[in-house]
1. Evaluate the Debye formula for the stretch 239-280 with equal point scatterers sitting on the alpha carbons, no solvent, and hand back log10 of I(q)/I(0) at q = 0.28, 0.33 Å⁻¹, in q order, two decimals.
2. Just subtract the alpha-carbon distance of S140 and E268 from 0.36 nm times their residue separation and send over the number in nm, one decimal.
3. Would you mind checking the radius of gyration and Dmax of the stretch 6-125 based on alpha-carbon positions, in Å?
4. Return the lysines within reach of K264: Cα separation strictly under 22 angstrom, same-chain partners fewer than 8 residues apart disregarded; answer none if there are no such residues.
5. In terms of solvent-accessible area of protein heavy atoms at a 1.4 angstrom probe, what is the ranking of V93, V77, highest value first?
6. E227 to R163: FRET efficiency via 1/(1 + (r/R0)^6), r the Cβ-Cβ distance, R0 30 Å, to the nearest 0.05?
7. Using only DSSP helix segments of four residues or longer, with each worth -39500 (n - 2.57), what per-residue ellipticity at 222 nm results for the chain after dividing by its residue count and rounding to 500?
8. Please compute the length gained on full extension between E22 and E154, using 0.36 nm multiplied by the number of residues separating them and subtracting their Cα-Cα distance.
Amino acid sequence: MTQARQDSEPPLLTTDVITSVENTETDLAIHLRTLPAEKQRAFLSLHNNFPGQGNPLTSIIRSNGYPLGADAGCGGVFENISRINHGCLPNAVQNWNGLLGEEGEETVYAIKDIKEGEEITTSYLSGGTSKERRAVLKQSFGFDCTCKLCDSDEADLKASDERLSRIQELHIDIGDSETVRHDPEKALGYCKELLEILEVEGIKDDRVTAMHSDAARAAWWAKKFCEAKVISAGKSCIDRLDMKPFTKRPQKHDCFGAFSVNWKTKLEELPKERAGEEFEKWLWRE
Ligand SMILES: [Zn+2]
């Protein structure tokens, strides 16, 4: 993973084979028997977080399944990727890409440098404080998290929880169109604060500057978004392909100039000669 930075594989089994809730176990069993013997063994050797509670094949799917895409109604289990443990501060992320392989593949991307022998982890959650994470992991996956973050001392855990709560608040504040419309400086300040907390996660928001006609900054944000997506979801990721045209022509974005022309800039105004702190000051309009 240190060199490759990514790895993909097709699912062993997907929930597409289930015809109805009552038939879940039977449908899974029928389909499992059609797989080559080594794939059947691979499926059956996956971890079961719910031993003795109901149907074993269903429990394996429940313990190891991933949604096949963000809005997908079905999930799949994977021979290797399903073995990756959860970490609340993971060093990898995974994404389903329906365009890969014959019928789509799941890919794991390293988002940090991973040393040889270091465990690869992904997060099964979408964030939350330690208390919230504990509850969801227990309820949905049946285990108590003992990752580095959850095992850290009380003071560190408290500081981390405060940062994570702030991330949730900032997501709401940034999404508030009234602030973006009437107080864009404040909204941009929220983005800066969020990015400082999220440093490792990369840039995901280009909306505020675009809404106030700031082409130079909007294009820069679009470029950063695309770069972050290459790392976490690959070059063919749909979100990246959707955003890419705006790196050259941010004016084409639906939001562009939606609220004002107060920050109007041209693409050429991107100060290529500025670097470090000076560039940061320009970027955040300080
Ligand atoms: Zn944890």
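1. For the stretch 239-280 at q = 0.28, 0.33 Å⁻¹, log10 I(q)/I(0) is -1.00, -1.07.
2. Working: separation 128, 0.36 × 128 = 46.08 nm, distance 5.02 nm.
Here the answer is 41.1 nm.
3. 14.6, 45
4. K186, K192, K204, K223, K224, K244, K248, K252, K272, K281
5. V93, V77
6. Working: r = 24 Å, r/R0 = 0.79.
About 0.80, to the nearest 0.05.
7. On the way: 12 runs with 118 residues, N = 286.
Calculated mean residue ellipticity at 222 nm is -12000 deg cm²/dmol.
8. On the way: separation 132, 0.36 × 132 = 47.52 nm, distance 4.51 nm.
Net length gain for the segment: 43.0 nm.
The values are calculated or read from the model by the stated rules, or taken from the named source; none is laboratory data. Keep in mind that what you see is a predicted model, and the values were worked out from it rather than measured. Glycine gets a Cβ as well: all are built from the backbone with ideal geometry, and neighbour counts include every protein chain shown. Surface areas here come from the heavy atoms of the whole protein model, side chains and all, with no ligands, DNA or RNA. Shrake-Rupley method; radii C 1.70, N 1.55, O 1.52, S 1.80 Å.
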